[in-house]
Amino acid sequence: MPVVITGEPVDDRRPGEDQEDPRIAELREAAAELRLALAVLPADLTDRDLAEAELAAFTGLLSGPAPSPAALSGPLLRLAATTGSVSALAPALARLRAAVELFGGPGGR
């Protein structure tokens with residue numbers, strides 16, 4: 001096996017040690033999908049500002065270690081309350097809920 005010398009420092013971390021938790025990655029993608037669906041929604045959504053604020057708070061939870069299901073369930077419920085009656089947002093909201101359930105579901109089930 002040939003050895004290639006690149007002059008770069010040797011990385012002694014184990015493979016995967018620096019990789020993002022796939023559950024958090026899915027939460028980020030699901031939140032981004034809901035944000036986009038909300039942004040392109042042509043209808044006047046009374047609680048649009050609240051929904052956008054909850055999405056921002058939800059995304060903020062993803063900047064540290066893996067959040068607990070209990071920490072995610074509050075923002076998820078408020079997002080459902082502000083967007084749940086809009087059928088155009090239902091698929092994105094369902095994806096976000098499924099992503100939260102990857103952490104054990106609301107309340108840590």
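The values are calculated or read from the model by the stated rules, or taken from the named source; none is laboratory data. Since the structure is predicted, the reported quantities are computational estimates derived from the model, not experimental observations. Please note: Cβ atoms are built from the backbone with ideal geometry, for glycine as well, and neighbour counts cover all protein chains shown. Protein only, heavy atoms only, side chains kept; ligands, DNA and RNA dropped before computing areas. Shrake-Rupley method; radii C 1.70, N 1.55, O 1.52, S 1.80 Å.
Residues are listed down the side, and each one gets a yes or a no for (1) closer than 15 Å to GLU26 by Cα; (2) in contact (Cβ under 8 Å) with a residue 24 or more places away in the chain:
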site: LEU55; (1), (2): yes, yes
site: THR59; (1), (2): yes, yes
site: PRO65; (1), (2): yes, no
site: SER73; (1), (2): no, yes
site: ARG78; (1), (2): no, yes
site: SER87; (1), (2): no, no
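What about ALA56, is it hydrophobic (A, V, I, L, M, F, W, C), over 29 Å from GLN19 (Cβ atoms) and open to solvent by 50 Å² or more (accessible area, probe 1.4 Å)?
On the way: hydrophobic (A, V, I, L, M, F, W, C): yes; over 29 Å from GLN19 (Cβ atoms): no; open to solvent by 50 Å² or more (accessible area, probe 1.4 Å): yes.
Against the criterion (hydrophobic (A, V, I, L, M, F, W, C), over 29 Å from GLN19 (Cβ atoms) and open to solvent by 50 Å² or more (accessible area, probe 1.4 Å)), ALA56 does not qualify.
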Quick check: anything in region 38-51 under 14 Å from the mean Cα position of the chain (by Cα) and open to solvent by 70 Å² or more (accessible area, probe 1.4 Å)?
no
